[in-house]
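Okay, so here's the structure we're looking at.
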Amino acid sequence: MAKVVKFGGSSLASAEQFKKAGDIIRSDESRKYVVPSAPGKRFQKDSKVTDMLYACYDLAERDCGFDEELKAIKARFQEIIDGLALSLDLQDEFALIENNFKQKAGSNYAASRGEYLNGIIMAAYLGFEFIDAATVIFFDEGGSFDADKTNRVLSARLEKCQGAVIPGFYGALPDGKVKTFSRGGSDVTGSIVAKAAKVDVYENWTDVSGFLIADPRIIDNPKGIDVITYKELRELSYMGATVLHEDAIFPVRQEGIPINIRNTNAPKDNGTWIVGSTCQKSKYVITGIAGKKGFCSVNIEKDMMNTEVGFGRKVLQAFEENGIAFEHVPSGIDTLTVYVHQDEFMHKEQKVVAGIHRLAKPDAIEIESDLALVAVVGRGMKSTRGTAGRIFSALAHANVNVKMIDQGSSELNIIIGVANEDFEAAIKAIYDIFVLTKL
């Protein structure tokens, strides 16, 4: 059996946290491949090393002095090295980083150095081989991830290793320049390594014991999720759940490798298992609730709209011409409503409205702002009658007015539109009816 273990920034923020990670890795000999993030915050008002690197490089790019900023970054890593009692000297590495900053190596290069240096420390601490991600993870000339080349090269490299550390978050372009994934991309690296090594499990260690049914900032001590499918996770991640980078699902999903979200500070907790499919029933009808604020709706009315071929295409063309993606498009016989992100739409609203008039010739257009979308997700909803009715009953009891409902054909999720001001009340009401009362 073999496992990939990825540790997030909070799990490697200090020597104390490093030791916890080391104990976890050494406690199971199947944990052969380690993907570290850059050091995160040690305390609430602390800075993440990645943010420190961005700030440092920004000074270098503006031809300003950055000695003090680089010195502070060196101190963060030296504190970890000293705390682990390692005879490791990063002086040459920092000299190279300083020179590359002066040569304007790019913000991607700068941001990646936190993972790179933490990887060197982790490899020295464990006695594992260090593999620079820039030599095994590749992007094409357009900046898109090159999955085939990466899998081929990385698989061949890992076959020769008994234990390896591969830094997260970055790879290389064809010319050798460093290219990063989006923030949180170390999750993606872990998934890529898991696929290449054909492991049995991808363990993602963070500072929480898996996914929770709802946001703990809204619900006090929400229940945890034991098992969740890839599809359910995609829905929840898209709507705001942030424990795992949503793109981390795809490489392991293709290979049927389960992901186990674990807590570095509570390693005995089972965490959450993310799987392709399962016969295990969730404790509740729903698996999770998530949502976002900041949407607006564009309601288009036209008599006999349902008989006009191409009407929907004409309406959406007006959004496409202005570079605006839509979220949901519920419709009736004579109405069609398009939900979009308000901050993207507000600066182009009149151009879009003019475009709709020009292309679709509607009878009326009405715009409503300050809306929120709430996703209720669960594989159990498909086999349970009255789920939508229970949602509406709970929202009515909480005096929340429903602006929109949209349910996909998979019956995996129900999307509800409410006013921004009712967002928290809606989530509390839905959580209460399905989890606390279990009616």
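When the residues of the range 240-255 are narrowed to those that are more than 18 Å from Lys6 (Cα to Cα) and out of contact with any Lys or Arg (no Cβ under 6 Å at 6 or more places or on another chain), which ends up surrounded by the most Cβ atoms within 10 Å (Cβ to Cβ)?
The selected residue is Ala241.
How about the range 351-395: which of its residues are surrounded by 20 or more Cβ atoms within 10 Å (Cβ to Cβ) and either assigned to a strand (DSSP E or B) or acidic (Asp, Glu) (or both)?
Leu371, Ala372, Leu373, Val374, Ala375, Val376, Val377
Go through (1) free of Cβ contacts under 8 Å to residues at least 40 places away in the same chain; (2) assigned to a strand (DSSP E or B); (3) surrounded by fewer than 19 Cβ atoms within 10 Å (Cβ to Cβ) and name the single condition Leu336 misses.
Going through the list (1) free of Cβ contacts under 8 Å to residues at least 40 places away in the same chain; (2) assigned to a strand (DSSP E or B); (3) surrounded by fewer than 19 Cβ atoms within 10 Å (Cβ to Cβ), Leu336 breaks only (3).
In this structure, is Ile333 of a type in the set (A, V, I, L, M), under 30 Å from Arg390 (Cα atoms) and over 29 Å from the mean Cα position of the chain (by Cα)?
Yes.
From the list Asp67, Asp89, which one is free of Cβ contacts under 8 Å to residues at least 12 places away in the same chain and farther than 20 Å from Ala111 by Cα? Don't jump to the end; show me each part of the working.
Numbers: Asp67 fails: farther than 20 Å from Ala111 by Cα.
Going through Asp67, Asp89 in turn, just one is free of Cβ contacts under 8 Å to residues at least 12 places away in the same chain and farther than 20 Å from Ala111 by Cα: Asp89.
State all residues of the range 218-267 that are out of contact with any helix residue (DSSP H, G or I) (no Cβ under 9 Å at 6 or more places or on another chain) and of a type in the set (D, E, K, R); if no residue qualifies, say none.
Asp220, Asp226, Glu235
Here's a check for you: in the range 55-68, which residue that is assigned to a helix (DSSP H, G or I) and farther than 19 Å from Leu90 by Cβ is least open to solvent (accessible area, probe 1.4 Å)?
Among those that are assigned to a helix (DSSP H, G or I) and farther than 19 Å from Leu90 by Cβ, it is Leu59.
Scan the range 396-436 for residues that are free of Cβ contacts under 8 Å to residues at least 60 places away in the same chain, closer than 17 Å to Ser369 by Cα and part of a helix (DSSP H, G or I) and jot them down.
Glu421, Asp422
Given the conditions (1) crowded, with 17+ Cβ neighbours inside 10 Å; (2) in contact with a Phe, Trp or Tyr (Cβ under 7 Å, 6 or more places away or on another chain), and given that Phe326 satisfies all but one, which numbered condition is not satisfied?
(1)
Taking the condition in contact with a His (Cβ under 9 Å, 6 or more places away or on another chain) and surrounded by fewer than 22 Cβ atoms within 10 Å (Cβ to Cβ), does Ser209 pass?
Here the answer is no, as Ser209 does not meet what is asked.
Taking into account only those residues within the range 96-153 that are among the β-branched types (Val, Ile, Thr) and closer than 28 Å to Leu84 by Cβ, which is surrounded by the fewest Cβ atoms within 10 Å (Cβ to Cβ)?
Looking at the filtered set, the residue picked out is Thr135.
Among the residues of the range 11-53, write down those that are at pLDDT below 95 and under 25 Å from Gly171 (Cα atoms).
Residues satisfying the conditions do not exist here.
Can you pull out every residue in the range 396-427 that is surrounded by 14 or more Cβ atoms within 10 Å (Cβ to Cβ), more than 24 Å from Arg217 (Cα to Cα) and touching a helix residue (DSSP H, G or I) at 6+ places or on another chain (Cβ under 8 Å)?
Ile405, Gln407, Glu411, Leu412
The values are calculated or read from the model by the stated rules, or taken from the named source; none is laboratory data. Predicted, not measured: the structure shown is a model, and the values here were computed from it. With ideal geometry, Cβ positions are generated from the backbone for all residues, glycine too; neighbour counts draw on all protein chains shown. Heavy atoms of the whole protein, side chains included, go into the accessibility calculation; ligands, DNA and RNA do not. Shrake-Rupley method; radii C 1.70, N 1.55, O 1.52, S 1.80 Å.
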